[in-house]
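Visitor: Dropping a structure here in structure tokens format, bear with me for questions.
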Amino acid sequence: MWHGALMRESTKQGNDKVARQMEAAHRTSLAKGEVGIREKKAAPSLAKFCEQRFEPWAKSTFEETARKSWLWYRTGIRSLLSHRTLATARLNEITGEAASDFAAFRLAKGLQVSTVNSSLRVLRSILHRAAEWGVLESAPKVKLLRGERHRERVVTREEEAKYLAVAREPLASIAGVLADTGLRPEECFRLRWEAVAWLNGRYGTLLMTHGKTAAARRVLPMTPRVRFILQARWDAAGKPVEGWVWPAPTYSGHVEASSLRKQHAAALRASKVRSLVLYALRHIFLTRLGESGCDAWTPARIAGHSSIGISACYVHPSEDAVLAAISRLGGHKIGHSAEGPEETAETKLLTQ
């Protein structure tokens, strides 16, 4: 009997003592339910959670708006599931130690620290998403490996000129736009004529409508070089009202990173410029923007970053820029000079 109601179920047991124990356990469960206490559900394994929830979420969220992010998640999930111990472990069993074992497993295969950290970042995202969705009470702390090499090389204007001089189309035009706008390569590839406003600002503007974050939606003014490049392509295409700026016979209908791989390699060989990737042009633009003396918030706004902390990772001042900044302090009023400090009215009064 429970609250005056008869509850009749079979325990499917032949031993009355075992049946009484099961009845008591059932009463306890009913009592917990009355006061809002729920029995914890068994957490799914990492492989099952990725297959049923996380991967479908990442695909639906990023495949259309930020395909590169979706590919990053997919690559990270595959690397995580390649470690059988981690793949079969339940989410509540994954600890910082388990993540360290996975990192050691990947390093033993000869992978770079940056590649291993990329997989660890995906694992961290999975665990935080599981906690947000109520699958986990809290996400464990996953530490990244030290020694990751960052992209800190600053391409000089001479190297840029050599590269652009030998690059073929459409690579030359795309590289010029990237170097003068700081766009992400995929943002440039997806650029449409509807987003180009010829009459706004001094040379026109570009409207970015898609990106991996809310801050990616922004309006960018065109420089004279960007205006010249896009104007020439617009005139050559018959001044279209809509369509891709960089059309190509690909599945997406526009240029992709794979479309430019051979042209980029040939341009590096012909120009004899040290190896670089197209994404480095974004770092080049933001570094030059930072060296121009603008405030800390402007690069974040132009780059479409959600915080100035992210933009700080993209600015790499050269040694000459650092020396020039320090040399400007030589004429500061508070500093010392060869002639010595000027005598003011206050100092005269003190010396009398």
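The values are calculated or read from the model by the stated rules, or taken from the named source; none is laboratory data. Because the structure is a prediction, the values reported are computed rather than measured. Glycine gets a Cβ as well: all are built from the backbone with ideal geometry, and neighbour counts include every protein chain shown.
Visitor: With the structure loaded, tell me whether Glu187 is over 20 Å from Arg157 (Cβ atoms), outside any loop (DSSP other than H, G, I, E, B) and under 24 Å from the mean Cα position of the chain (by Cα) or whether it fails that test. Quick ask: steps written out before the conclusion?
Guide: Details: over 20 Å from Arg157 (Cβ atoms): yes; outside any loop (DSSP other than H, G, I, E, B): yes; under 24 Å from the mean Cα position of the chain (by Cα): yes.
Taking the combined requirement at face value, the residue satisfies it.
Visitor: Hey, another quick one. Can you give me the number of residues within the range 235-247 that are at positive phi and either without any contact (Cβ under 8 Å) to a residue 12 or more places away in the chain or outside the structural domain of Arg168 (by TED's automatic domain parsing) (or both)? Step through it out loud before you land on a result.
Guide: Just the residues of the range 235-247 that are at positive phi, to begin with: 238-239, 243.
After this cut, where a residue has to be either without any contact (Cβ under 8 Å) to a residue 12 or more places away in the chain or outside the structural domain of Arg168 (by TED's automatic domain parsing) (or both) as well, the list is 238-239.
Of the residues in the range 235-247, 2 are at positive phi and either without any contact (Cβ under 8 Å) to a residue 12 or more places away in the chain or outside the structural domain of Arg168 (by TED's automatic domain parsing) (or both).
Visitor: Going by the structure shown, is Thr209 farther than 16 Å from His305 by Cα, assigned by TED's automatic domain parsing to the domain that holds Arg282 and hydroxyl-bearing (Ser, Thr, Tyr)? I'd like the intermediate steps shown before the answer.
Guide: Values: farther than 16 Å from His305 by Cα: no; assigned by TED's automatic domain parsing to the domain that holds Arg282: yes; hydroxyl-bearing (Ser, Thr, Tyr): yes.
No: the conditions fail for Thr209.
Visitor: May I ask you to list the residues in the range 76-98 that are within 19 Å of Ser118 (Cβ to Cβ), in contact (Cβ under 8 Å) with a residue 24 or more places away in the chain and either in a helix (DSSP H, G or I) or in contact with a helix residue (DSSP H, G or I) (Cβ under 6 Å, 6 or more places away or on another chain) (or both)? Spell out the reasoning first.
Guide: Our first condition is that a residue be within 19 Å of Ser118 (Cβ to Cβ); within the range 76-98, this holds for 76-83, 86-87, 94, 96, 98.
This time we only want the ones that are in contact (Cβ under 8 Å) with a residue 24 or more places away in the chain, so: 76-77, 79-81, 86-87, 94, 96.
Scanning the range 76-98 gives Gly76, Ile77, Ser79, Leu80, Leu81, Leu86, Ala87, Gly96.
Visitor: Of everything in the range 253-276, what is without any contact (Cβ under 8 Å) to a residue 40 or more places away in the chain and over 12 Å from Ala167 (Cα atoms)? Give them in sequence order.
Guide: Going residue by residue through the range 253-276, those that are without any contact (Cβ under 8 Å) to a residue 40 or more places away in the chain are 253, 258-259, 261-262, 265, 269, 275.
Listed by number, the residues that qualify are Gly253, Ser258, Ser259, Ser275.
Visitor: Given Ala215, Ala232, which one is in the same structural domain as Ala179 (by TED's automatic domain parsing), part of a helix (DSSP H, G or I) and under 20 Å from the mean Cα position of the chain (by Cα)? Even if it seems obvious, please write down each step before you answer.
Guide: Working: Ala232 fails: under 20 Å from the mean Cα position of the chain (by Cα).
Every option except Ala215 fails the conditions.
Visitor: Just one of Ala267, Ala303, Ala321, Ala296 is modelled with pLDDT of 85 or more, among the small types (Gly, Ala, Ser) and either under 30 Å from Arg218 (Cβ atoms) or not assigned by TED's automatic domain parsing to the domain that holds Ala172 (or both); which is it? Spell out the reasoning first.
Guide: Details: Ala303 fails: modelled with pLDDT of 85 or more; Ala321 fails: modelled with pLDDT of 85 or more; Ala296 fails: modelled with pLDDT of 85 or more.
None of the other options fit; the residue is Ala267.
Visitor: For Thr250, which of the numbered conditions (1) free of Cβ contacts under 8 Å to residues at least 24 places away in the same chain; (2) farther than 18 Å from Ala66 by Cα; (3) among the β-branched types (Val, Ile, Thr) fails to hold?
Guide: Among (1) free of Cβ contacts under 8 Å to residues at least 24 places away in the same chain; (2) farther than 18 Å from Ala66 by Cα; (3) among the β-branched types (Val, Ile, Thr), Thr250 violates only (2).
Visitor: Can you confirm whether Arg106 is within 23 Å of Trp57 (Cα to Cα), modelled with pLDDT of 90 or more and among the charged types (D, E, K, R)?
Guide: Numbers: within 23 Å of Trp57 (Cα to Cα): no; modelled with pLDDT of 90 or more: yes; among the charged types (D, E, K, R): yes.
Here the answer is no, as Arg106 does not meet what is asked.
Visitor: I've got another one for you. Could you list, in sequence order, all residues of the range 190-212 that are part of a loop (DSSP other than H, G, I, E, B), over 25 Å from Ser69 (Cβ atoms) and hydrophobic (A, V, I, L, M, F, W, C)? Spell out how you get there, then give the answer.
Guide: Narrowing the range 190-212 to residues part of a loop (DSSP other than H, G, I, E, B): 190-191, 198-204, 209-212.
When the remaining residues are screened for being over 25 Å from Ser69 (Cβ atoms), the result is 198-204.
Within the range 190-212, Trp198, Leu199 meet the criteria.
Visitor: Residues of the range 156-182 being surrounded by 21 or more Cβ atoms within 10 Å (Cβ to Cβ), outside any helix (DSSP H, G or I) and modelled with pLDDT of 90 or more, which ones?
Guide: Residue satisfying the conditions is Ala167 alone.
Visitor: Say whether the condition of being more than 24 Å from the chain's Cα centre (by Cα) and not in a loop (DSSP other than H, G, I, E, B) is met by at least one residue in the range 110-117.
Guide: First pass over the range 110-117, keeping only residues more than 24 Å from the chain's Cα centre (by Cα): 110.
Cutting the leftovers down to not in a loop (DSSP other than H, G, I, E, B) gives us none.
Among the residues of the range 110-117, not one is more than 24 Å from the chain's Cα centre (by Cα) and not in a loop (DSSP other than H, G, I, E, B), which makes the answer no.
Visitor: Among the residues of the range 188-208, are any within 17 Å of Ile302 (Cβ to Cβ), surrounded by 14 or more Cβ atoms within 10 Å (Cβ to Cβ) and among the aromatic types (Phe, Trp, Tyr)?
Guide: Within the range 188-208 (the criterion being within 17 Å of Ile302 (Cβ to Cβ), surrounded by 14 or more Cβ atoms within 10 Å (Cβ to Cβ) and among the aromatic types (Phe, Trp, Tyr)), the answer is yes, since at least one residue qualifies.
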